[in-house]
Amino acid sequence: MESIKLDHCVIHVSDWERSNRFYQQVLGAELVPIGPGWSYRFGETQLNCHGPNVESTPNAQRPVMPGGSDLCFIWPESIQAAIAHLNQHGVEVEVGPVERFGSRGHGTSVYFRDPDGSLMEFISYER
């Protein structure tokens, strides 16, 4: 069997304008309009979004609610550069830098929140 890969994740946002600005400016997402809503694309990785005026498909009985996600993004530079980037955008580092183990092995992470309170992580594998 070929290796299975993650195609997309789903987050729920409460305010399109606020979330679009955060995900584009802080995380570097490409904004992809989908009907009345949006998806956020990072190269081959995509975050589909549930939010105002967007009905989730399929209609899950218990969909993720705003602030209920926990996502980790690979930061391509040093963790100090990630901290400086977050500071530049007025985003508070909640935890870190701390050592973590991710998809590429050992790295250093910082944790912060998106506008709805979902936990975000930048992990740097740069040594």
Does residue 115 satisfy the condition of being at pLDDT 95 or above, surrounded by 14 or more Cβ atoms within 10 Å (Cβ to Cβ) and within 21 Å of residue 13 (Cα to Cα)? yes
Would you please name the residue that is nearest to residue 22 (Cα to Cα), looking only at residues in the stretch 118-127 that are buried (at least 20 other Cβ atoms within 10 Å of the Cβ) and in contact with a helix residue (DSSP H, G or I) (Cβ under 9 Å, 6 or more places away or on another chain)? 122
Scanning the stretch 1-36 for residues that are in a strand (DSSP E or B) and closer than 16 Å to residue 69 by Cβ gives 8, 9, 10, 11, 12
Which residue out of 47, 27, 6 is modelled with pLDDT of 95 or more and not polar (S, T, N, Q)? 27
Per-region count, the stretch 67-109, residues surrounded by 14 or more Cβ atoms within 10 Å (Cβ to Cβ), of a type in the set (Val, Ile, Thr) and more than 25 Å from residue 5 (Cα to Cα): 4
Just to be sure, is residue 77 farther than 23 Å from residue 109 by Cβ and either more than 12 Å from the chain's Cα centre (by Cα) or in a helix (DSSP H, G or I) (or both)? no
Residue pairs, Cβ under 7 Å, 6 or more apart or interchain, first in the stretch 106-127 and among the basic types (Lys, Arg), second loosely packed, with under 15 Cβ neighbours inside 10 Å. List them. 113/94
Determine whether residue 38 is crowded, with 18+ Cβ neighbours inside 10 Å and in contact with a Phe, Trp or Tyr (Cβ under 6 Å, 6 or more places away or on another chain). no
Just name the residue that is farthest from residue 119 (Cα to Cα) out of those in the stretch 50-95 that are modelled with pLDDT under 95 and among the hydroxyl-bearing types (Ser, Thr, Tyr). 57
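The values are calculated or read from the model by the stated rules, or taken from the named source; none is laboratory data. Keep in mind it's a predicted model, so treat the numbers as computed, not measured. Every residue, glycine as well, gets a Cβ built from its backbone with ideal geometry; the counts of neighbours run over all protein chains shown.
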